[in-house]
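Here the structure is laid out as structure tokens; the discussion comes afterwards.
The values are calculated or read from the model by the stated rules, or taken from the named source; none is laboratory data. Bear in mind the structure is a predicted one, so any value in this text is a computation, not a measurement. Neighbour counts are summed over all protein chains in view; Cβ atoms, including those assigned to glycine, are modelled from backbone coordinates with ideal geometry.
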Amino acid sequence: MQFTKTALFALLSFAVANPLPAEGTSETTELQLAANCNHSIGNCYDNDCDGNPTTLVCLGGPFIGCPCGYNCNGKGPCDYNGCDGVNGRCTANYLGCACH
């Protein structure tokens with residue numbers, strides 16, 4: 001019984017001493033991420049982006065959290081060169097790259 005009380009007290013003390021961080025206090029905010037993206041979509045394999053081909057988002061480097069694509073070189077028409085663009089991004093050739 002004494003052990004149970006001691007263990008419970010220790011766990012409660014730990015929980016109070018280590019509260020969860022408040023929402024919005026993370027090291028990098030969404031606004032900071034957007035500022036780092038430069039309003040463009042770069043290649044998932046450039047600048048240490050280490051982009052994920054499924055999510056098309058940089059997982060590392062200075063553009064972490066930014067959208068990325070494959071073989072991006074500017075912004076072309078969504079219905080040209082097999083881009084098959086949807087909502088301003090290519091879904092086939094030039095996967096993830098910006099289009100208009």
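Of note:
- Counted residues, the stretch 50-63 - those being of a type in the set (Val, Ile, Thr) and buried (at least 16 other Cβ atoms within 10 Å of the Cβ): 1
- Any hit, the stretch 7-23, residues being among the β-branched types (Val, Ile, Thr) and at pLDDT below 55: yes
- The single condition among (1) at pLDDT below 55; (2) surrounded by 13 or more Cβ atoms within 10 Å (Cβ to Cβ) that Asn47 does not meet is (1).
- Taking the criterion of being surrounded by 12 or more Cβ atoms within 10 Å (Cβ to Cβ), within 20 Å of the chain's Cα centre (by Cα) and either part of a loop (DSSP other than H, G, I, E, B) or at positive phi (or both), the residues of the stretch 73-100 that qualify are Gly88, Cys90, Thr91, Tyr94, Leu95, Gly96, Cys97.
- Every pair of residues 6+ apart whose Cβ atoms lie under 7 Å, when the first sits in the stretch 41-63 and is more than 17 Å from Cys90 (Cβ to Cβ) and among the aliphatic types (A, V, I, L, M) while the second is crowded, with 17+ Cβ neighbours inside 10 Å and modelled with pLDDT of 90 or more: Leu59/Gly51
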